[in-house]
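Below is one structure, written out as structure tokens; comments come after it.
We did not get these values from a lab; they are worked out from the coordinates using the rules stated. Since the structure is predicted, the reported quantities are computational estimates derived from the model, not experimental observations. FYI the Cβ positions are ideal-geometry reconstructions off the backbone, even for glycines, and counts take in every protein chain you see.
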Amino acid sequence: MNPMRTQVGIVGGGPAGMMLAHLLHRAGIESIVVEARSREYVQERVRAGVLEQGTCDLMREAGVGARLAREGITHHGLELRFGGDRHRIDLSGLTGGKTITIYPQREVVKDLIDARIAAGGAIFFEADEVGIRGFDGNAPAIRFRGGGSVQEISCDFIAGCDGFHGVCRPSLPAGALTIFERVYPFAWLGILAEVAPSSDELIYCRHDRGFALHSMRSPTLTRLYLQCGPDDEIGAWPDQRVWAELHTRFAVGDGWKLNEGRIVQKGITPMRSFVAEPMSYGRVFLAGDAAHIVPPTGAKGLNLALADVRVLAAALAKYYADGSRELLDSYSRSCLRRVWKVQRFSWWMTSLLHRFPEDNPFDRRRQVAELDYVTNSWAAAQSLAENYVGLPMD
Ligand code: FAD
Ligand code: DHB
């Protein structure tokens, strides 16, 4: 066994874990990151793509925003499409000039791993059999198998940044957490296609056959999603069927056309809303997907994960500066207030745009009326815009 010691042991090297390690380093606090997957794997995973204004500000303030500033694509609005018509939501005009930025999650993770390595910070990739213990008392530790031997890191605190399927949340004693959950009766099929985006802005589309979303990664890469069955197998969606369905759902009568290209990635994501309360127990603090999941309509998962670790890093900095546990004690409460508002928005965007199998003709008329309201009322559009660009971090 190889014993090590640090101040904060971080389980998970996704966006939450890597940003936490980086913010702690800037505050002069030592940490070690333990990640189950390889560096290549975490840097290549195709996931989220939309950064809120506050997330971009955080990247810039933390000194990891240079490539984001060069390569990120700034958007001032988005399109809601329904009934074969297009309606623009002027995000900037409705929020006093705020924007969102297209910058893929894997680029965020790459920038943070590069910063970590440049700073000489410790990170273990491909850690097997990761476990946490001692967090009830004063001797928390992370144990894992890596490089052929068992390694143990003793620390003051453990940050559980290991995602929804991680080990930290399930390691807490039964009854320590209350779970709030809703599983949706559909999933998203996502593709990455080698073709120029068909629109300068994102398109969220409601159709009687189900939801569709047009997004992008670069001037030559388009990201598209469509609502599919919760148990659909990827094999049931050959490329031709995916394109046919996308053409049908996005159809408008004004000459707009969806560009087709070679599909280079295809995957199905289940949809759920999930919150574990509180987000801390003893000396363990949960952050990001380890504590909560939102359905992806609204693009909030990554942004929420980074908002959590911003609060956690500030709380740890206060503790190490003057020994006060005040901000650590209020960490869960501070985060959950914002988490629940973002849960509400993600649920609302999902119900606004998806076809629910139990919906009757009344529900479908009501849904279209709500879209009509959102696209024609300044107050309703402003509420959508305020949430979409991101609620204040504090
Ligand atoms: P994660 O990114 O999940 O990182 C957790 C890390 O912990 C991973 O690197 C994992 O390998 C590691 N880990 C897990 N278990 C262990 C263990 N036992 N020991 C050590 N390490 C461990 N959000 C959007 O806004 N838009 C999208 O389009 C979108 N698409 C998504 C598609 C998929 C398939 C998934 C799963 C999520 C998607 N999300 C999307 C959500 C968004 O990607 C997440 O909210 C975001 O990744 C959360 O970051 P995180 O660091 O909390 O968790
Ligand atoms: C993307 C994902 C989302 O969930 C969303 O609401 C908008 C864009 C994307 O991957 O680009």
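Miscellaneous remarks
- Dipole of the stretch 1-77, positive end: most advanced residue of Gly14, Val50, Pro3 [Cβ charges, Cα centre]: Pro3
- A crude spin-label estimate for the pair Lys341 and Phe164, with each label 7 Å from Cα along the Cβ direction, gives 2.4 nm.
- The calculated FRET efficiency for Trp348 paired with Asp136, based on their beta-carbon distance and R0 = 30 Å, is about 0.20.
- Taking a straight line from the alpha carbon of Lys266, these aspartates and glutamates sit under 15 Å away, with near neighbours fewer than eight places off in the same chain left out: Glu44, Glu194, Asp232, Glu233, Asp239, Glu245.
- Pairs of Cα atoms farther than 24 Å apart, the stretch 296-394, %: 40
- Overall, the ratio between the Cα radius of gyration of the stretch 31-178 and 2.2 N^0.38 Å, rounded to two decimals, is 1.36.
- The value for the stretch 225-344 of Rg(Cα) / (2.2 N^0.38 Å) is 1.52.
- Summing charges over neighbours of Val339, with a neighbour being any other residue whose Cβ is under 11 Å away from its Cβ, gives +4 when K and R count +1 and D and E count -1.
- log₁₀ of I(q)/I(0) at q = 0.17, 0.19 Å⁻¹ - the stretch 1-104, Debye sum with one point per alpha carbon: -0.93, -1.06
- Length, then width, then depth: along the principal axes, the Cα atoms of the stretch 199-267 run 33, 28, 18 Å.
- Here the contact order of the stretch 1-110, divided by its residue count and restricted to Cα pairs under 8 Å and six or more residues apart, works out to 28 percent.
- Neighbour-count order for His207, His247, fewest beta carbons within 10 angstrom listed first: His247, His207
- The stretch 233-292 gives an Rg/Rh value of 1.26, both radii derived from C-alpha positions and Rh following Kirkwood.
- Lys/Arg +1, Asp/Glu -1 at C-beta; the chain dipole; positive extreme among Ala66, Ser92, Gly131: Ser92
- Sorted by Cβ density within 10 Å, fewest first, the residues Asp322, Asp372: Asp322, Asp372
- C-alpha long axis of helix 331-353 to longest principal axis of the chain, angle in °: 20
- Once the Cβ-Cβ distance of Asn376 and Asp254 is raised to the sixth power relative to R0 = 30 Å, the FRET efficiency obtained is 0.95.
- For a modelled paramagnetic label at Ala118, 7 Å from Cα along Cα-to-Cβ, the residues of the stretch 37-63 in reach, with backbone nitrogen under 11 Å, are 63.
- Near the amide H of Gly13, within less than 5 Å, lie the amide hydrogens of Ala36, all on another chain or at least 5 residues away, with H placed in the peptide plane.
- The chain - share of DSSP beta bridges that are antiparallel (%, nearest 5): 70
- Span from the the stretch 120-143 Cα centroid across to the the stretch 44-102 one, whole angstrom: 35
- Unit charges on C-beta of K, R, D, E only; dipole of the stretch 71-129, Debye: 420
- Pairs of alpha carbons in the stretch 344-388 whose separation is greater than 12 Å (percent): 63
- At full extension, Met1 and Ser154 could sit 53.8 nm farther apart than now, given 0.36 nm per residue minus the alpha carbon distance.
- Relative to the longest principal axis of the Cα atoms of the chain, helix 239-250 runs at roughly 70 degrees.
- Size of charge dipole - the chain - debye, nearest 20, with Cβ of Lys, Arg +1 and Asp, Glu -1, no other charges: 140
- With coordinates expressed along the principal axes, the C-alpha atoms belonging to the stretch 133-227 extend over 55, 34, 22 Å, beginning with the largest.
- Overall Cα dimensions of the stretch 110-162 - principal axes, largest extent first, Å: 35, 25, 18
- Length gained on full extension, Thr74 to Glu126, computed as 0.36 nm times the residue gap minus the Cα-Cα distance: 15.2 nm.
- Ranking Leu221, Trp340, Ala196 by how far each Cα lies toward the positive end of the dipole of the chain (charges on Cβ) leaves Trp340 at the top.
- Cα-based values for the chain, radius of gyration first and Dmax second, are 21.5, 68 Å.
- Share antiparallel - DSSP beta bridges, the stretch 1-153, percent rounded to 5: 65
- Nearest 10 degrees, 0 to 90: helix 105-118 Cα axis against the chain principal axis: 30
- With the simple spin-label model, which puts each label point 7 Å out from Cα in the Cβ direction, the Asp208 to Ala176 separation comes to 5.2 nm.
- Taking 20 Å as the straight-line reach from the Cα of Lys98, the lysines in range (excluding those fewer than 8 positions away in the same chain) are Lys300, Lys341.
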